[in-house]
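The values are calculated or read from the model by the stated rules, or taken from the named source; none is laboratory data. All values reported here derive from a predicted model rather than from experimental measurement. Heads up, the Cβs are rebuilt from the backbone with ideal geometry, glycines too, and the neighbour counts pull from every protein chain shown.
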Ligand SMILES: [Zn+2]
């Protein structure tokens with residue numbers, strides 16, 4: 001009769017719905033000749049955790065076995081306590097029985113204490129207590145790498161012109177530099193690995209392998225474009241690949257009036273069910289394509305300077321993933337970028353006081369001087385990193401929003417229908 005399940009899974013009985021389980025005063029802790037291991041946390045997220053361990057009942061019949069979970073170390077607060085009862089372990093066996101329990105309905109950003117138990121009649125044996133903390137809503141799984149496919153729409157008129165008809169190796173070098181910035185390969189003090197990586201998408205929209213991965217070349221007779229209208233051109237909208245699957249990056253000749261502009265981008269959206277400051281709801285875009293060319297636009301004249309081009313590309317990607325500038329264009333507003341860990345400064349005041357060649361910035365409220373190091377600043381700065389709050393915003397967009405490829409949970413919001421929220425916002 002060795003039909004005992006090798007792994008004893010949970011029969012989830014949750015006493016967590018406001019009812020207070022009655023204390024069981026007649027139960028006493030004692031040695032009942034069984035082994036109950038400590039809990040190992042295999043995985044924990046915002047609202048659930050996977051616990052594992054081993055119970056050996058030493059060939060005895062157990063009355064109950066399970067796991068206690070509480071918000072207090074002493075397991076005193078019954079209202080926060082959950083007892084999961086484990087089936088299979090109660091049947092006599094000589095073997096160690098692996099136990100795996102998934103607990104759900106937990107609160108985000110909360111510390112829980114857990115211990116396994118085994119009971120025979122009125123005696124109970126506990127395993128060692130351990131604790132874990134669920135992720136906060138803005139925090140996400142540190143193991144996720146956001147690998148984002150990109151397609152460059154290279155717009156040119158003269159095929160021989162390498163500034164316009166940019167060679168593949170230049171575009172790949174730009175991506176590689178941006179990835180180094182995003183992953184803090186430079187290991188700067190100010191830098192943090194964003195866990196965001198760009199790669200050239202290998203296939204076209206029909207799934208056919210591209211001759212040059214991540215590159216789609218478009219020859220036009222038009223020599224230059226006005227950056228203010230480029231995104232809403234019918235041709236641009238038509239060129240756009242599904243932004244839910246790939247990041248569209250256009251390279252074209254910006255008009256001479258915009259010679260100093262390296263790039264611009266539409267800012268990312270959030271969703272109504274999980275909003276964050278400063279971003280508009282984009283729920284409708286789960287179901288319908290935007291009526292404009294959503295993506296990043298880069299001025300091709302800067303491709304000759306990879307580092308400048310890549311810094312700007314990294315900056316534009318920041319906008320694309322929901323970031324604002326660290327500065328204000330005029331006046332002091334400390335919540336200008338919805339990040340608490342970047343310092344705000346008035347750019348117009350800076351330009352007048354220091355001049356654009358100066359690395360120093362004067363903080364809005366404290367008037368402290370800072371060296372400019374953030375990717376969401378403008379020239380002249382040492383572009384060295386994003387802040388933790390900025391990274392959390394980008395991850396929020398990647399996890400929730402439409403019009404971004406990656407690990408987003410868009411299935412939840414698929415059914416939402418609404419009119420398209422136009423016009424959209426472009427940032428340089
Ligand atoms: Zn910008």
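Observations
- Selection count where residues are in a loop (DSSP other than H, G, I, E, B) and within 28 Å of residue 269 (Cβ to Cβ), scope the range 324-371: 20
- Among residues of the range 320-343 that are modelled with pLDDT of 85 or more, those with a beta-carbon under 6 Å from a residue that is assigned to a loop (DSSP other than H, G, I, E, B) and surrounded by fewer than 13 Cβ atoms within 10 Å (Cβ to Cβ) at least six positions away or on a different chain give the pairs 338/277.
- Wholly within the range 168-273, helices (runs of 4 or more DSSP H) carrying at least 2 residues that are touching a helix residue (DSSP H, G or I) at 6+ places or on another chain (Cβ under 7 Å): 168-182, 227-230
- Counting the residues of the range 313-337 that are touching a helix residue (DSSP H, G or I) at 6+ places or on another chain (Cβ under 7 Å) and more than 18 Å from residue 197 (Cβ to Cβ) gives 4.
- Test: residue in the range 367-375 that is closer than 29 Å to residue 169 by Cα, modelled with pLDDT of 90 or more and within 15 Å of the ligand (Cβ to nearest atom): yes
- Lone unmet requirement of (1) away from the ligand (no atom under 16 Å from the Cβ); (2) surrounded by 15 or more Cβ atoms within 10 Å (Cβ to Cβ); (3) closer than 22 Å to residue 193 by Cβ; (4) at pLDDT 85 or above for residue 384: (4)
Listed here are the residues, each with its yes/no results for (1) part of a loop (DSSP other than H, G, I, E, B); (2) modelled with pLDDT of 85 or more.
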position	(1), (2)
1	yes, no
19	yes, no
24	yes, no
42	no, no
58	yes, yes
62	yes, yes
75	yes, no
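- Unmet requirement for residue 303, which otherwise passes all of (1) part of a loop (DSSP other than H, G, I, E, B); (2) more than 16 Å from the ligand (Cβ to nearest atom); (3) modelled with pLDDT of 90 or more: (1)
- Test for residue 277: is it crowded, with 24+ Cβ neighbours inside 10 Å and farther than 23 Å from residue 260 by Cα: no
- Failed item, numbered, when residue 296 is tested on (1) modelled with pLDDT of 95 or more; (2) more than 16 Å from the ligand (Cβ to nearest atom): (2)
- Taken over the range 248-275, the criterion of being away from the ligand (no atom under 16 Å from the Cβ), within 22 Å of the chain's Cα centre (by Cα) and touching a residue at least 60 places away in the same chain (Cβ under 8 Å) is satisfied by 248, 269, 270, 271, 272, 273, 274.
- Filter result for residue 379 (within 16 Å of the ligand (Cβ to nearest atom), at pLDDT 85 or above and surrounded by fewer than 17 Cβ atoms within 10 Å (Cβ to Cβ)): no
- Residues (within 11 Å of the ligand (Cβ to nearest atom) and in a loop (DSSP other than H, G, I, E, B)) located in the range 306-323: 323
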